[in-house]
1. Hey, could you check the range 124-140 for residues that are buried (at least 17 other Cβ atoms within 10 Å of the Cβ) and touching a strand residue (DSSP E or B) at 6+ places or on another chain (Cβ under 6 Å) and say which is nearest to residue 107 (Cα to Cα)?
2. Go through the range 90-110 and report how many residues are at pLDDT 95 or above, surrounded by fewer than 12 Cβ atoms within 10 Å (Cβ to Cβ) and farther than 20 Å from residue 75 by Cα.
3. Does residue 41 satisfy the condition of being within 19 Å of residue 157 (Cα to Cα) and in contact (Cβ under 8 Å) with a residue 60 or more places away in the chain?
4. Hand me the list of strands (runs of 3 or more DSSP E) wholly inside the range 1-48 holding 3 or more residues that are over 16 Å from the mean Cα position of the chain (by Cα).
5. Among 98, 78, which is under 15 Å from the mean Cα position of the chain (by Cα) and under 21 Å from residue 147 (Cα atoms)?
6. Just to confirm my filter: which strands (runs of 3 or more DSSP E) fall fully inside the range 73-166 and include at least 2 residues that are over 25 Å from residue 10 (Cβ atoms) and out of contact with any helix residue (DSSP H, G or I) (no Cβ under 8 Å at 6 or more places or on another chain)?
7. Kindly list, by first and then second residue, each pair from a residue in the range 63-90 that is on the phi > 0 side of the Ramachandran plot and in contact (Cβ under 8 Å) with a residue 24 or more places away in the chain to a residue that is in a strand (DSSP E or B) and surrounded by fewer than 18 Cβ atoms within 10 Å (Cβ to Cβ), limited to pairs with Cβ atoms under 6 Å and residues at least 6 apart or on different chains.
8. Of all residues in the range 54-72, how many are loosely packed, with under 15 Cβ neighbours inside 10 Å and either part of a helix (DSSP H, G or I) or in contact with a helix residue (DSSP H, G or I) (Cβ under 9 Å, 6 or more places away or on another chain) (or both)?
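The values are calculated or read from the model by the stated rules, or taken from the named source; none is laboratory data. Owing to the predicted nature of the structure, the values given are computational and were not obtained by experimental measurement. Note that each Cβ is placed from the backbone with ideal geometry, even for glycine, and that neighbours are counted across all protein chains shown.
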């Protein structure tokens, strides 16, 4: 079950993931995103698994996932980082939140970043892989069907804040 929230993150109800993704009302539900930056200023992106029903094999934020009903934001962030990348020991820095809307859903995206040299081990059951990208590579890939539209919009929104962390 996922929490249904207002734009401030206050829980108002709960619903199944399927309902959140298929209801014409597109109830707002919270997610977490983690951007990982190495000391060279490169950004780790995950390649979504081929089994994903939405944008398979597109490149996306290093870590991303839903917050479960009753789960704290940081609990979800650490859970998703462990599940997707085998990453446990990092210090997340909050970069704020925003509402992402598509034809399929509405998400309250809670954005975090972590700077450092981490041992990243993508889970092959979750992801097709991952690698570090230069900021220039990312921008050159915009609009070419390589990156998820959500990532493109989010990266545009936070790229200056990410570079300021170095």
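1. Among them, the one singled out is 127.
2. Qualifying residue count, the range 90-110: 1.
3. Numbers: within 19 Å of residue 157 (Cα to Cα): yes; in contact (Cβ under 8 Å) with a residue 60 or more places away in the chain: yes.
Yes; evaluated as a whole, the condition is true for this residue.
4. Values: elements: 2-5, 11-15, 28-37, 43-48.
Once the strands (runs of 3 or more DSSP E) in the range 1-48 are filtered for at least 3 residues that are over 16 Å from the mean Cα position of the chain (by Cα), what remains is 2-5, 11-15.
5. Details: 78 fails: under 21 Å from residue 147 (Cα atoms).
On inspection, the qualifying residue turns out to be 98.
6. Working: elements: 93-101, 106-115, 127-133.
Qualifying strands (runs of 3 or more DSSP E): 106-115, 127-133.
7. Going by the 6 Å Cβ cut-off, there are no qualifying pairs.
8. Summing the residues that are loosely packed, with under 15 Cβ neighbours inside 10 Å and either part of a helix (DSSP H, G or I) or in contact with a helix residue (DSSP H, G or I) (Cβ under 9 Å, 6 or more places away or on another chain) (or both) in the range 54-72 gives 1.
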